[in-house]
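Enquirer: Sharing a structure, written as structure tokens. Questions coming.
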Amino acid sequence: MARFDKRDRAYLFRRRLSQAMETGDVSQSGLARGIGVDRSTVSQLLSDGGARLPNAQVVGECASYLGVSADWLLGLSERPESAADLLANSLEVTEAPRALVDEQIFDWHREAAGYKIRHVPASLPDLLKTRAMLEWEYSPHLGRTTEQAIGASEDRLNFMLSAQSDYEIAFPIHEMESFLRAEGYYRDLPEDLRLAQTERILSLYRQLYPRLRIYLFDARRLFSSPVTIFGPLLAVIYVGRNYLAFRDSNRVQTILAHFDQLVREASVPDRAFPGYLEEMADSALARKS
């Protein structure tokens, strides 16, 4: 932040006070009534060409009434929002329906178009799933609306794939093995559907790499909740019924550092992923036969 002498800071205060009044459509009389002073006092605040600043109480009252921060009025901050507003805006809690690419997720992807998207999915990434896989996974929750939801989701997925964003996906290796062996969450997954899904992942990966990179990490060494990081803009943690979306740069960078650690310590790096997937798929088939 640039250094100001007293006269510069007094001038900046007057300019920002006038700006806040204009933004809020507040007249001198209205501000005077709002902070409990005479109109002549407000007029003096706006027109005094000297180096004196008003006392802290008057500055605080003006800031509170106009909905800005006192630090911003005094030139100590470039953000006009109050500290409470900054904190409230740094975290957003939204509903996370049991669905495919819901409207909120799609909006975040559109906002971040062109930025790198980093993703730790809760199951196989929707971005890579076949239609049959989507039906198997979501029909129990969506019922009669499954077809309609999948159709809308496919349009959104196609947009995401064509948005010129790079995708890095970090996935627990045990989850991939459970899918390939039809165990746990995937225990009722038919073999033909599983094989088609494996081919779909390999086909998309070969088509899109290096725009699409997949890393498999060992959850016994590193744990991660489902999370998506939309470039430098926001980081979203999935907690089941809700998304926790962080927009302040410090939290985004903290979650990004966590993702980068998953990538650095991946048991299967991006270049080795196709070979690993083919080998594991063949091994799973051999076990069944």
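Every read-out reported here was derived from the displayed coordinates using simple, explicitly stated rules and does not represent laboratory data. These numbers were taken from a predicted model, which means no experiment stands behind them. Because the Cβ atoms are built from the backbone with ideal geometry, glycine has one as well, and the counts that use them run over all protein chains shown.
Enquirer: What is the dipole size for the stretch 6-81, taken about its Cα centre, with +1 at each Lys and Arg Cβ and -1 at each Asp and Glu Cβ, in debye to the nearest 20?
Expert: So the dipole magnitude of the stretch 6-81 works out to roughly 280 debye.
Enquirer: Same structure again: What distance in nm lies between label points placed 7 Å from Cα along the C-beta direction at Glu111 and Ser43?
Expert: Going from the Glu111 label point to the Ser43 one covers 4.6 nm.
Enquirer: Just how far, in whole angstrom, is the stretch 223-289 from the stretch 4-74 if you go by their alpha carbon centroids?
Expert: 49 Å
Enquirer: Shifting gears a bit: Is the stretch 236-284 rounded, prolate or oblate when judged by the Cα gyration tensor, a ≥ b ≥ c being the square roots of its eigenvalues, rounded requiring a/c under 1.5 and prolate requiring a/b larger than b/c?
Expert: Oblate.
Enquirer: Here's something else I'd like to know. Using only the Cα atoms of the stretch 6-81, build the gyration tensor, take square roots of its eigenvalues as a ≥ b ≥ c, and label the shape rounded, prolate or oblate: rounded if a/c is under 1.5, else prolate if a/b is larger than b/c, else oblate.
Expert: It comes out oblate by the Cα gyration axes.
Enquirer: Suppose R0 equals 22 Å. What FRET efficiency, 1/(1 + (r/R0)^6) with r the Cβ-Cβ distance, do Ala132 and Glu183 give to the nearest 0.05?
Expert: That gives a FRET efficiency of 0.70.
Enquirer: Here is a further query. How far apart, in nm, are the 7 Å Cα→Cβ label points at Leu76 and Ser29?
Expert: 3.4 nm
Enquirer: Could I ask something else about it? Take peptides 31-40, 231-240 and line them up by average Cβ neighbours within 10 Å, highest first, as a rough protection proxy.
Expert: 231-240, 31-40
Enquirer: Sort Glu175, Glu199 so that the residue with the fewest other Cβ atoms within 10 Å of its own Cβ comes first and the one with the most comes last.
Expert: Glu199, Glu175
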